[in-house]
1. Starting from the Cα of residue 600, step 7 Å toward the Cβ, then list every residue of the range 268-303 with an amide N under 18 Å from that point.
2. How much length, in nm to one decimal, is gained on full extension between residue 415 and residue 56, taken as 0.36 nm per residue of separation minus their Cα-Cα distance?
3. Calculate, for residue 48 and residue 425, the FRET efficiency according to 1/(1 + (r/R0)^6) with r their C-beta to C-beta distance and R0 41 Å; round to the nearest 0.05.
4. In the range 349-390, which residues have a backbone nitrogen under 11 Å from the label point lying 7 Å from residue 581's Cα in the Cα-to-Cβ direction?
5. Sorting check: for 454-467, 185-198, which peptide has the highest mean count of neighbouring beta carbons within 10 Å, and how do the rest follow?
6. With each pseudo-label sitting 7 Å past Cα toward Cβ, what's the residue 164-residue 216 distance in nm, one decimal?
7. Just how far, in whole angstrom, is the range 275-303 from the range 188-234 if you go by their alpha carbon centroids?
8. Separation between the residue 390 and residue 200 pseudo-spin-labels, each 7 Å from Cα along Cα→Cβ, expressed in nm?
């Protein structure tokens with residue numbers, strides 16, 4: 001999932017998108033090469049300066065990028081800050097247009113020009129609908145869990161300054177939570193309420209975060225365990241004297257204890273909201289102005305102008321196609337049809353509760369398979385991942401049965417590896433499903449794409465962190481099919497489960513649009529995801545709840561995959577024997593995430609350059 005390139009960047013990608021500016025639609029006359037190089041360098045310098053100014057307003061992004069600046073602060077999530085960012089972006093684009101003639105840029109620089117302009121349009125569109133995205137509403141990105149998740153998984157402590165910044169951020173959590181509550185209450189006043197299940201999740205998650213030591217007896221709370229471990233590592237590595245470590249831990253302990261009343265206010269909000277929290281029909285269509293909001297959400301996430309009805313029809317057609325392919329594969333395995341294949345797998349591998357042995361075995365097999373696929377990349381890619389990639393368990397405070405795996409990119413210097421997070425509570429699933437998941441989240445999917453993106457050189461720095469759901473998730477789904485092409489899957493069962501995963505994503509198109517445009521209830525959506533999407537009930541429920549609180553996000557996956565496969569077929573058909581799969585894949589992911597319209601333009605230009 002997440003991803004993203006990482007969890008918070010995935011949130012940014014979900015929050016921003018819109019049609020290309022008119023200037024991006026028409027190819028200009030070519031400028032002389034020397035003039036284009038000069039203008040390209042000048043544009044890159046301008047965009048890097050603008051990006052540096054923006055990053056100063058985004059301290060959490062700075063931390064993800066391995067920068068110390070702002071490491072003691074959180075992003076400002078207030079309405080005023082959001083308005084100010086939109087105004088800043090629009091002013092930046094106006095200055096860019098005044099200083100640069102797009103026609104004098106090279107094609108790649110024109111892409112950078114267009115995407116920077118596009119980001120301002122996306123920010124404005126997202127900001128217009130900000131009321132529909134209160135900070136405690138999202139299943140994946142609710143602030144109450146994102147703050148501690150960031151400290152545990154992203155805020156690296158390599159020296160004493162990092163540790164002091166960590167403690168400062170602990171102290172800053174209550175203020176951010178209070179802004180989150182205020183914004184969520186304002187949305188409620190406008191008739192936009194979080195569903196009952198989400199309110200309950202916020203309450204239980206908040207209670208878990210302030211349970212255990214140092215709040216009361218029991219195992220260490222997540223943040224206390226994390227800061228103790230990171231401090232101990234500094235002492236062990238000779239970067240901190242024990243006496244100073246004890247003083248800093250005492251400060252951290254006090255900051256963590258101060259979270260109890262802050263999370264108490266979150267819990268109080270939740271308990272007060274529960275009586276009016278909706279159930280049943282909880283999609284965008286049930287909200288005041290929700291239909292227009294959902295149409296915008298589809299633009300944000302697919303970077304197309306497809307309507308909800310069109311996406312719904314595409315989903316149903318894809319379900320039928322994939323089911324037919326599953327039937328054929330089942331017959332190849334000597335079984336009557338896909339239903340017989342599923343039944344046989346259920347007999348061989350009935351679900352059972354995860355225990356420590358099962359968790360250890362899963363992580364060992366997942367990491368071994370990632371290493372295997374990584375060793376098979378050279379015939380298919382010119383640009384390869386360079387940093388560490390690891391599969392780890394989801395933190396306890398955010399782990400849920402049936403929860404979606406998600407990926408995070410490495411830091412630009414590789415000191416923090418790329419990671420895939422998996423939920424290992426609840427019941428086990430068919431072991432053959434592991435392989436497709438690792439292709440999607442790790443290699444050649446999100447972790448690989450994120451590794452390549454953060455290492456970009458030469459172009460403007462903002463491209464390394466700009467993300468589009470349709471591109472990144474479309475690539476990850478394409479990566480699943482590519483694993484089959486590479487010969488990575490060990491047997492027919494693994495390939496069948498690849499189709500099972502693709503069926504799941506096709507069902508998402510049907511369910512997301514059903515919930516948000518056609519008035520489906522949560523239970524209706526869960527039933528479809530269980531019966532047609534073939535997901536266990538707890539997974540189906542978890543997934544549907546994610547879609548309810550992130551309208552449109554799940555549609556980007558399949559729409560992006562279909563476009564990438566369409567572009568590959570176009571290139572293969574046009575180039576014949578001249579088609580180079582390594583060059584094609586590098587074209588797709590070596591220059592970073594991009595909207596599908598720009599991706600198509602770049603592929604068309606690439607084809608033209610080869611003919």
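1. Residues 298-303 qualify, since their backbone N sits under 18 Å from the label point.
2. Details: separation 359, 0.36 × 359 = 129.24 nm, distance 2.16 nm.
Gain on extension, residue 415 to residue 56, equals 127.1 nm.
3. Values: r = 44 Å, r/R0 = 1.06.
Calculated value: 0.40.
4. Only 377-381 pass the distance filter.
5. Values: 454-467: 19.6, 185-198: 17.9.
Output ranking for 454-467, 185-198: 454-467, 185-198.
6. Label at residue 164, label at residue 216, 3.6 nm between them.
7. Cα centroid to Cα centroid, the span is 28 Å.
8. The two pseudo-label positions are separated by 3.5 nm.
Any read-out appearing in this document is the output of simple, stated calculations on the displayed coordinates, not a laboratory observation. Please read these numbers as outputs of a predicted model, since none were measured by experiment. Quick reminder, even Gly has a Cβ in these numbers, built from the backbone with ideal geometry, and neighbours come from all protein chains shown.
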